[in-house]
């Protein structure tokens, strides 16, 4: 197989370049995330897909007027198990929560802002 005809060269690297240079996102090469037995991203296990250690501070930064309980509720709703749904249904549900906000139950009548 020619050197340039790999998934990394054809798909992954162009996607990373798009995210970094066009969208301004930060990226990380986490291939060796579990070297040494612990996650460098702070995950408890390989099945944990939501980086709550990053999500909580981001939600607090975007919603400084909400109490910790409301932020915790939003994290819980965003990271709850959706394995009973199809991938498309789960993605639509998360997309809607991220775009329209998560309803906060602790006596607040407003949504978390995105």
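Bear in mind that the values in this text are calculations on the coordinates, not laboratory data. The shown structure was predicted, so the numbers you read here are calculated from the model rather than taken from an experiment. Please note: Cβ atoms are built from the backbone with ideal geometry, for glycine as well, and neighbour counts cover all protein chains shown.
Points to keep in mind about this one:
- In terms of other Cβ atoms within 10 Å, 34, 25 run from fewest to most in the order 25, 34.
- Taking the chain as a Gaussian network of alpha-carbon nodes connected by springs under 10 Å, the highest mean-square fluctuation of the residues 95, 29, 81 belongs to 29.
- Exposure proxy ranking for 83, 38, based on other Cβ atoms within 10 angstrom of each Cβ and starting from the fewest, stands as 83, 38.
- For Kirkwood radius over Cα pairs in Å, computed directly from the structure shown, the correct entry in (i) 23.9; (ii) 16.9; (iii) 14.3 is (ii).
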